[in-house]
1. Which net charge results for the neighbourhood of V174, defined as the other residues with beta-carbon distances under 15 angstrom from its beta-carbon, given Lys and Arg at +1 and Asp and Glu at -1?
2. Which order do peptides 55-65, 76-86 fall in by mean Cβ count within 10 Å, highest first?
3. Lys/Arg Cβ at +1, Asp/Glu Cβ at -1, dipole of the stretch 2-184 taken about the Cα centre: which of F52, M151, S81 is farthest positive-ward?
4. Ranked highest first by the average count of other Cβ atoms within 10 Å around their residues, in what order do 40-51, 115-126 fall?
5. At a Cα cut-off below 20 Å, give the aspartates and glutamates reachable from K144, other chains included and same-chain residues fewer than 8 away excluded.
6. Can you give the convex hull volume of the alpha carbon atoms of the stretch 99-151 per residue, in Å³?
7. In percent, what relative contact order does the stretch 2-184 have, based on Cα pairs under 8 Å that are 6 or more apart in sequence?
8. Sort D54, D109 by Cβ crowding within 10 Å, fewest neighbours at the top.
Amino acid sequence: MMFINILCGIALISVISPMTQEITGVSAVVAGGIVGIFGLFNGLGRIGWAYFSDLIGRPSTYILFFIGQIIAFYFLPAINSIVIFQCILYFIASCYGGGYATLPAYIGDLFGTRQVSAIHGYILTSWAIAGITGSSLASLLHSKTGSYITMMMIFAVIMFIGLLVSCCLKIFIVKALANKKSAKQVSQNLC
């Protein structure tokens, strides 16, 4: 899930300015400003989504990340209104930052707080690989197709894979918690 979120996020960061110019027709100066604001929403997403994940749970938060980004990546290339384009772009930025920020808490939920640093370290390896792969993939797809539409459609499909993984993980967590609860009840009944 982390690899998918970072792959698409880093790829998008690497092409925000030229993509915004190509799709919406704005100048390089305006597109550069949008890149800066993207960074702000990345940071705000880390705070906002982390708080929100405390309310609804990490599995549900990741499911929302992926559903929202599937829709966003699918429709982004068709938007030529700069205001709507920016809103969608900044939503993606918030999910990118939020996915990164909520991961340690998710790891803690799954494996306990003792294991967070070691597991997070391993997962950051996928972050590094996604960082290298994402921008290269964006560049390759644009050079082969001459547009960002194919890239966005591929990212929507990749996000769908992330959604499937998130849903499977949530099902696994629910079953594991149910088994743990019933095992605890059995042990209490035996005492």
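1. Surrounding charge for V174 is +4.
2. In descending order of packing, they fall as 55-65, 76-86.
3. Final value for the positive-end residue is F52.
4. Those peptides, ordered most packed to least, come out 40-51, 115-126.
5. E22
6. Spelled out: Cα convex hull of the stretch 99-151, divided by residues, is 80 Å³.
7. 37 percent
8. Fewest-to-most ranking of D54, D109: D54, D109.
Any read-out appearing in this document is the output of simple, stated calculations on the displayed coordinates, not a laboratory observation. As the structure is a prediction and not an experimental result, all values here were calculated from the model. All Cβ positions, even for glycine, are placed from backbone atoms using ideal geometry, and neighbour counts span all protein chains on display.
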